[in-house]
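Heads up, the thing below is written out as structure tokens.
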Amino acid sequence: MPKANKEYGPRIPAPNYDQISKDAERQVLKDLGLERPEDAVHARPEDLVVKAARILEQVDAEVALHLDERDQALAHLWFYEQRLGLAKTAGLGNMGYRQALATMMFGNKKHVHELPTGSGEELAQAAEAAGIERVEGAEEKLLKTAPLVYAARARRDVAVRFMQEAVFALSEKPYNWKPEQIAEHAGVDRNLVYKQRAAARRRRGL
């Protein structure tokens, strides 16, 4: 959200998120007991769905552990220091970045269009009025937490695909498991199973 005739702090170099994504996929494959993604077709879906569900639980816990600290650092760097390139530094698209700031300022990511503009002093005043705290060592905290959140979400994206395929396989012959049975077996809510099965069916045009 840069503006003309306004001074900004120096850009913060972004971590290597491409490498983080590759490492995340390798980690998920290892946790699933697979060497390559295509090996999933030979795996037992009743085992795969359990392993994938455990990965989802773990990564969601990791995101919950680090997300607030990342977003607090992100908000400090934008509102109080006006640093450019923060979306890239955090591994976010522009909308995801704006949603993170809106969540910090308004408590809801939907208020992206209400984010303030103006001079650095005006941004700082708006942040103070919204109760956004200043963060000591914000740059270091962002560079520490952003890759952790990104890696966890990358692992989640990979694990979800395998879980969807396993749920679909268990729903079809020769298994013919009901969503409730899959949910109980995997230790997840049945609504998640319905959602994963629907996604797998959409990919197949069903």
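ASP68: under 16 Å from the mean Cα position of the chain (by Cα) and more than 14 Å from ALA151 (Cβ to Cβ), yes or no?
Working: under 16 Å from the mean Cα position of the chain (by Cα): yes; more than 14 Å from ALA151 (Cβ to Cβ): yes.
Judged against the criteria, ASP68 is a match.
Looking at this structure, is GLY137 open to solvent by less than 70 Å² (accessible area, probe 1.4 Å) and either within 16 Å of the chain's Cα centre (by Cα) or modelled with pLDDT under 95 (or both)?
Working: open to solvent by less than 70 Å² (accessible area, probe 1.4 Å): yes; either within 16 Å of the chain's Cα centre (by Cα) or modelled with pLDDT under 95 (or both): no.
No.
Evaluate the following for LEU77: is it within 19 Å of the chain's Cα centre (by Cα), surrounded by 17 or more Cβ atoms within 10 Å (Cβ to Cβ) and touching a residue at least 40 places away in the same chain (Cβ under 8 Å)? Don't jump to the end; show me each part of the working.
Values: within 19 Å of the chain's Cα centre (by Cα): no; surrounded by 17 or more Cβ atoms within 10 Å (Cβ to Cβ): yes; touching a residue at least 40 places away in the same chain (Cβ under 8 Å): yes.
Judged against the criteria, LEU77 is not a match.
Mind telling me which of the residues LEU29, LEU48 ends up being open to solvent by less than 50 Å² (accessible area, probe 1.4 Å) and in contact with a Phe, Trp or Tyr (Cβ under 7 Å, 6 or more places away or on another chain)? Please lay out each step first, then the result.
Details: LEU29 fails: in contact with a Phe, Trp or Tyr (Cβ under 7 Å, 6 or more places away or on another chain).
Exactly one of LEU29, LEU48 is open to solvent by less than 50 Å² (accessible area, probe 1.4 Å) and in contact with a Phe, Trp or Tyr (Cβ under 7 Å, 6 or more places away or on another chain), namely LEU48.
Going through the stretch 111-130 one residue at a time, which ones are farther than 14 Å from LEU101 by Cα, in contact (Cβ under 8 Å) with a residue 60 or more places away in the chain and either among the hydroxyl-bearing types (Ser, Thr, Tyr) or open to solvent by 30 Å² or more (accessible area, probe 1.4 Å) (or both)?
Across the stretch 111-130, the qualifying residue is only SER119.
Give me the pairs: first residue in the stretch 28-52 and within 21 Å of ASP189 (Cβ to Cβ), second residue hydroxyl-bearing (Ser, Thr, Tyr), beta-carbon distance under 9 Å, and six or more apart or on different chains, which are they?
Matching pairs, first to second residue: PRO45/TYR175; GLU46/TYR175.
What number goes with the only condition from (1) more than 16 Å from the chain's Cα centre (by Cα); (2) of a type in the set (Gly, Ala, Ser); (3) outside any loop (DSSP other than H, G, I, E, B) that GLY205 does not pass?
Against the list (1) more than 16 Å from the chain's Cα centre (by Cα); (2) of a type in the set (Gly, Ala, Ser); (3) outside any loop (DSSP other than H, G, I, E, B), GLY205 comes up short only on (3).
Just the residues that are farther than 14 Å from TRP78 by Cα and part of a loop (DSSP other than H, G, I, E, B), please, taken from the stretch 104-129.
Listed by number, the residues that qualify are GLY107, ASN108.
The values are calculated or read from the model by the stated rules, or taken from the named source; none is laboratory data. Computed from a prediction, not measured in an experiment: that's the story for all the values here. Glycine also receives a Cβ, built like all others from the backbone with ideal geometry; neighbour counts cover every protein chain displayed. Just so you know, the surface numbers come from the protein's heavy atoms only, side chains and all, with ligands and any DNA or RNA stripped out. Shrake-Rupley method; radii C 1.70, N 1.55, O 1.52, S 1.80 Å.
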